[in-house]
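The values are calculated or read from the model by the stated rules, or taken from the named source; none is laboratory data. These numbers were taken from a predicted model, which means no experiment stands behind them. When we count neighbours, we look across all protein chains shown, and the Cβ atoms used for this are built from the backbone with ideal geometry, even at glycine. Surface areas here come from the heavy atoms of the whole protein model, side chains and all, with no ligands, DNA or RNA. Shrake-Rupley method; radii C 1.70, N 1.55, O 1.52, S 1.80 Å.
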Amino acid sequence: MLDINLIRQNPEKVAASLKKKMWDVDFTELLKWDEERKALIQVVEGNKAEMNRLSASVPQAKKNGEDITKIFAKVKEIAKNNAENEGKLKELDEKIYNFLVVLPNIPDDDLLPGEKENNKVIRTFKEKPTFDFPIKDHVELATSLGLVDYERGVKIAGRGSWVYTNLGAQLEWALLNYFISEHLKDGYEFILPPHLLNEQSGLVAGQFPKFKEDVFWLDGLEPKRFLLPTAETALVNLHRDEILSEDDLPKKYFAYTPCYRREAGSYRTEERGMIRGYQFDKVEMVQYTKPEDSDQAFEELVNKAERLVQGLGLHYHVSKLAAGDISHSMARTYDIEIYIPSIGIYKEVSSASNARDYQARRGMIRYKDKATGKNRYVHTLNASGLATSRIFPALLEQNQQADGSVLIPEVLQPFMGGLKVIKPIKK
RNA sequence: GGAGAAUUACCCAAGUGGUUGAAGGGGUCGGUCUUGAAAACCGAUAGGGGAUGCAAGUCCCGCUAGAGUUCGAAUCUCUAAUUCUCCGCCA
């Protein structure tokens, strides 16, 4: 949610910023409603004040034996006139809310306008791996090593699903364990949230109303619930409608959940296997900070996500996203993209974003500023740390050997009973 | 799934239609006393949103939420949410 004051003060500037996100908006109507609303509030409240005064005078008038029916009539008359105004006011409030609630966040000033083509790679880790043998893709590797059963996944669930089997399940779990242990070391609080969330949570995170069709909704519970598309949705709502103490900030959380998304099925050869499914595992970090601390927190989150990939020894780069490619709710996003040799492209394993006060405004998440005693909106930030569904294939492909085996990164070995290499199953 | 009860401020809680501008207690904060602390005593403690104003202030809305009745609602009615108790079912 954008601050309407910002729009009042400088509508052209806000419109220009949103334009960078490829979002055309004209505030003329909104500002007109806003003016009308202010004028109407004064009328409505003035009338209410008058009614309150009159009603309060009844007991005294009774005591004095005055004619109170006149007072009753007067109040009734004012109430009748006011009802219409109140109706109009409610309508205006709704119109203003509906206008504001769909607007995306304002991108940071230093971002390039436009979409993907204007994303900029700002750092790279390691060289692109080279192989002196014909490489296999991750689907082939996962199958020949007995790590993933795609066919049985489709059999028991349908398209867009797979089964981690045996060492594959262990590898997946080892990745998650490795991420979790690193976050614990860094003092982040571990959360296991529910996976079925209510609509308000989606609204506060900024996924709704725009992306209501992109999540899975469940029948059978009223009011309806949806399967979380990312743990961010849960974590960012933890302190909804709360006023935190300044000493509590920053709040640093991480959660492991599967993520459920409808977008699977955009089947392209580059999205074979587990690159895009209805369900994938992810560890997600979220921070609540004071506004002045959020830039630093953003760097911390990007850095943490990078260190996780570095620990695995995999080649990746960091992209600073153009304004039009960052998500609806976010002001700034860096993607960490990992190299997948078989398709020769980089795929997102972490997306680190600063929502600034956009989500906090929607969720009334505030803290009491000690110096002024005033309540201020917090800033919320999130970053994957990490999503396994791209790490897993990248790891298999980047670490494959000529004999078809795959080396397990040292950091994962303790979580896999010391196993150093996964060898093909003999037929 | 069924039945019943409850929801008041940081916590507990009084309050069944009009000086409620919400009692009282606890806690917290400040003070007195003390070498320091405890105890005791004194004082403060309704938050939040909005309108207006340079400001002080004034006003509107706030007793879970939303509707309604009434000149007037914490109080009466309806709907919903949540919590608790009991019954049923169940991993």
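Observations on the structure shown:
- Among residues of the stretch A:371-404, those that are more than 20 Å from A:Lys252 (Cβ to Cβ), in contact with a helix residue (DSSP H, G or I) (Cβ under 7 Å, 6 or more places away or on another chain) and not acidic (Asp, Glu), counted: 8
- Across the stretch A:363-397, the number of residues qualifying as farther than 28 Å from A:Asn119 by Cα and assigned to a helix (DSSP H, G or I) comes to 1.
- Whether a residue is out of contact with any Leu (no Cβ under 6 Å at 6 or more places or on another chain) and within 14 Å of RNA strand B (Cβ to nearest atom) was assessed, and A:Gly418 does not pass this test.
- Residue within the stretch A:364-383 that is of a type in the set (A, V, I, L, M), more than 16 Å from RNA strand B (Cβ to nearest atom) and open to solvent by 20 Å² or more (accessible area, probe 1.4 Å) present: no
- Residues being closer than 30 Å to A:Asp248 by Cβ and buried (at least 19 other Cβ atoms within 10 Å of the Cβ) - total across the stretch A:162-181: 2
- The listed residue being touching a residue at least 40 places away in the same chain (Cβ under 8 Å), within 12 Å of RNA strand B (Cβ to nearest atom) and within 40 Å of the chain's Cα centre (by Cα), out of A:Leu2, A:Leu89, A:Leu18, A:Leu30: A:Leu89
- Reported count of residues in the stretch A:148-161, each being modelled with pLDDT of 90 or more, within 16 Å of A:Pro258 (Cβ to Cβ) and exposed (fewer than 15 other Cβ atoms within 10 Å of the Cβ), is 0.
- Consider the stretch A:33-80 and keep the residues that are touching a residue at least 40 places away in the same chain (Cβ under 8 Å) and more than 10 Å from RNA strand B (Cβ to nearest atom). The one that is farthest from A:Gln9 (Cα to Cα) is A:Glu36.
- Filtered residue count, the stretch A:322-347, keeping only those that are of a type outside the set (Val, Ile, Thr) and under 30 Å from A:Gln400 (Cβ atoms): 9
- Which numbered condition A:Tyr178 misses (of (1) more than 30 Å from A:Arg356 (Cβ to Cβ); (2) at pLDDT below 95; (3) not aliphatic (A, V, I, L, M)): (2)
- Lone qualifier among A:Trp23, A:Trp33 - being touching a Lys or Arg at 6+ places or on another chain (Cβ under 7 Å) and at pLDDT 90 or above: A:Trp33
- Helices (runs of 4 or more DSSP H) contained entirely in the stretch A:48-147, each with at least 2 residues that are open to solvent by 40 Å² or more (accessible area, probe 1.4 Å) and among the aliphatic types (A, V, I, L, M): A:69-101
- Filter result (touching a residue at least 24 places away in the same chain (Cβ under 8 Å) and of a type in the set (Val, Ile, Thr)) within the stretch A:118-170: A:Val121, A:Ile122, A:Thr124, A:Ile135, A:Val139, A:Val148
- For the stretch A:327-339, filtering for residues that are over 22 Å from A:Asp214 (Cβ atoms) and buried (at least 24 other Cβ atoms within 10 Å of the Cβ) leaves 3.
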